[in-house]
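The values are calculated or read from the model by the stated rules, or taken from the named source; none is laboratory data. The structure presented is a predicted model; accordingly, all values stated were derived computationally and were not measured. Using ideal geometry, Cβ is built from the backbone for each residue, glycine included, and neighbour counts are taken over all protein chains shown. In case anyone asks, the SASA skips ligands and DNA or RNA and just uses the protein heavy atoms, side chains included. Shrake-Rupley method; radii C 1.70, N 1.55, O 1.52, S 1.80 Å.
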Amino acid sequence: MEKKFLISILLDFYGSLLTDTQFNCTDLYYNEDYSLAEISEHEGITRQGVRDSIKHAEDLLIKYEEKLKLYEKQQQSDRLLTKIKELACDNEEIISLIDKLMEN
């Protein structure tokens, strides 16, 4: 998986565990496509500070996923629910319940 995509997803799962600066810098960089200079101006810190904050946040996000595996577990659940949905044999009630589970 592409690093940019992975970090963006992990930010959704674990972003609240980062400092506000780490979250804001990483969000702006990966999700809003800001440059380091633009983030520096937006956050009022140096370009190097932005880079360090993003790098530290990336390391933490990957570490959290390695330990907690929330994204991996969600992917497994989605695959299982898709398989169950395929086996539901057009039972609309079961399919509806599975769809509700998959929305979360």
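At a glance:
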read-out	value
Cross-chain or 6+ apart pairs with Cβ under 7 Å, region 36-62 first and exposed (fewer than 15 other Cβ atoms within 10 Å of the Cβ) and assigned to a helix (DSSP H, G or I), then among the basic types (Lys, Arg) and modelled with pLDDT of 95 or more	Ala37/Arg47
Matching entry among Tyr71, Tyr34 (being within 14 Å of the chain's Cα centre (by Cα) and among the hydroxyl-bearing types (Ser, Thr, Tyr))	Tyr71
Residue within region 70-87 that is outside any helix (DSSP H, G or I) and open to solvent by 60 Å² or more (accessible area, probe 1.4 Å) present	no
Breaking point among (1) open to solvent by 50 Å² or more (accessible area, probe 1.4 Å); (2) in contact with a Cys (Cβ under 6 Å, 6 or more places away or on another chain), for Asp12	(2)
